[in-house]
Amino acid sequence: MMEYKGYIGTVTYDDEARIFHGEVINTRDVITFQGKTVKQIEKAFRDSIDDYVEFCESEGVSPEKPYSGKFNLRLSPELHKKVAIAAGKLNISINKFVERILNDEVKKILPR
């Protein structure tokens, strides 16, 4: 994975075409890039992000910002109740409770 200005790109290699293909994964907008070498794919990634931001500005729209820090979570009423009770017992908000649990789980998968 690569990161630039908060945007994250993943890269795959097409051995038939002998080229790297990349895609930004943390926006709903489609942003792709490609190159034949590591240096080219890194530059193409940065250029694609810069082009995307520049295009949005020229169109008078805000580029989609990766990860605003907000997301909706749907739970069953029973689980919602249990989460609220557990958070209350710890004397913290539901948001803080869920954030702690998610942080712990993410650390198991992405330790750095």
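Quick note: the coordinates plus some simple rules give every number you see, no bench work behind them. Note that this is a predicted model, so its numbers are computed, not measured. Neighbour counts run over all protein chains shown; Cβ positions are idealised from the backbone, glycine included.
Charges were assigned to the Cβ only: +1 to each Lys and Arg, -1 to each Asp and Glu. The resulting dipole of the chain about its Cα centre is roughly 940 debye.
The candidate values were (i) -0.46, -0.88, -0.95; (ii) -0.49, -0.86, -0.90; (iii) -0.25, -0.65, -0.74; the one computed from these coordinates for log10 I(q)/I(0) by the Debye sum over Cα atoms at q = 0.10, 0.16, 0.17 Å⁻¹ carries the label (ii).
Relative to the longest principal axis of the Cα atoms of the chain, the long axis of helix 94-109 lies at roughly 50 degrees.
Using a Gaussian network model of the chain in which every pair of alpha carbons under 10 angstrom is joined by a spring, one finds that among I19, I49, I101 the greatest mean-square fluctuation is at I101.
Note on the chain: helix-only mean residue ellipticity at 222 nm, from DSSP H runs of 4+ residues weighted -39500 (n - 2.57) and normalised by residue number, equals -15500 deg cm²/dmol. Among R46, R18, R100, the largest mean-square fluctuation in a Gaussian network model of the chain (Cα springs under 10 Å) belongs to R100.
The C-alpha atoms of the chain define a longest principal axis, and helix 77-89 lies at about 70 degrees to it. Per-residue extension of 0.36 nm, minus the Cα-Cα distance of A86 and K107, leaves a gain of 5.4 nm for this segment.
For the chain, the longest principal axis of the alpha carbon atoms and the long axis of helix 38-59 meet at an angle near 70°. Here the label points at I25 and V61, each 7 Å from Cα along the C-beta direction, are separated by 2.4 nm in the simple model.
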